[in-house]
Amino acid sequence: MYLKQFDVSTAFIHDELNETVYMQQPERYSDESSKVCELLRNLYGLKQAPQCWNRKIETFLTQQGFKVSSADPCVYIRIKDDKKLLLAVYVDDGLLAAADTKDLECFINQLEAEVEVTVKEASYFLVIEIDSMKV
């Protein structure tokens, strides 16, 4: 089994908002008027940001042939040409597991084309230490 982990660099600002959101001008950029800014994209700290990111990653994974596991809504499974790819997602972190390295690398390339990610060998996921010698 081959494992990789990834972190999406700017997960919460990749998607457009589905509603109109206004904010006050930032203090350092204020022109001393009472004008407000209309946000066109997500911003860290918005209540809507996690929901927009979740919608974006779920849409992407569905397009790549993944199905949500019945055991856990954060686990996705793809079976393609008898090759299984497992993906656990927690907010903007992911853990990938596959028996075929080519399938794993192909998906990573597709993910990198969609969002900015940092991919590395799996060593820690959330608070779990992964010893690749025992996998």
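Just so you know, all these numbers are worked out from the coordinates, no wet-lab data involved. Predicted, not measured: the structure shown is a model, and the values here were computed from it. Cβ placement follows ideal geometry from the backbone for every residue including glycine, while neighbour counts extend to all protein chains displayed.
Values computed for the structure shown
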item: Integer Hz, Karplus 6.51/-1.76/1.60 couplings in order for segment 126-131, x for Gly and Pro; result: 6, 10, 9, 7, 10, 9
item: Per-residue Cβ neighbour rank within 10 angstrom, fewest leading, LEU104, LEU3; result: LEU3, LEU104
item: Segment 1-118 - Rg and Dmax from Cα coordinates, angstrom; result: 17.9, 63
item: The chain: most fluctuating residue of GLN63, GLN25, GLN110 per GNM, C-alpha cutoff 10 Å; result: GLN25
item: Neighbour cut-off at most 13 other Cβ (10 Å), DSSP loop, GluC sites (Glu not before Pro), segment 26-118; result: GLU32, GLU116
item: Helix-only mean residue ellipticity at 222 nm for the chain, each DSSP H run of n ≥ 4 adding -39500 (n - 2.57), per residue, nearest 500; result: -7000 deg cm²/dmol
item: Count, lysine Cα pairs under 23 Å in the chain, 8 or more residues apart or across chains; result: 28
item: Degrees separating the helix 49-63 axis from the principal Cα axis of the chain, which is the longest one; result: 40
